[in-house]
Amino acid sequence: MSNDEIAAELVVTMHTVKAHIGAPRSKLHARDRAQLVIAAYENGHRSAPLA
């Protein structure tokens, strides 16, 4: 989902979405959200995606 779609789905601001994606990206030194998904999957974090 795009940042806009996530913000609308969760009823939060774009700033909030960016902060919640940016923090783990920074900590894990991930290039992009795709690397975050891969890291989460490899570490057993499997859940249903937002519809």
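The values are calculated or read from the model by the stated rules, or taken from the named source; none is laboratory data. Since the structure is predicted, the reported quantities are computational estimates derived from the model, not experimental observations. Don't worry about glycine lacking a Cβ; one is built from the backbone with ideal geometry, like all the others, and counts go over all protein chains shown. Just the protein is used for accessible areas: all its heavy atoms, side chains included, with ligands, DNA and RNA removed. Shrake-Rupley method; radii C 1.70, N 1.55, O 1.52, S 1.80 Å.
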Carbon and sulfur together cover what percent of the accessible area of the chain at a 1.4 Å probe radius? 58 percent
Per residue, how many Å² of accessible area does the chain show with a 1.4 Å probe? 83 Å²
Entry for Kirkwood radius over Cα pairs in Å (calculated from the structure that is shown) out of (1) 10.2; (2) 11.7; (3) 13.6: (2)
First select every other residue whose beta carbon is under 14 angstrom from the beta carbon of residue 3; then total the charges, Lys and Arg +1, Asp and Glu -1. -1
Report, in degrees rounded to the nearest 10, the 0 to 90 angle that the Cα long axis of helix 14-27 makes with the longest principal axis of the chain. 10 degrees
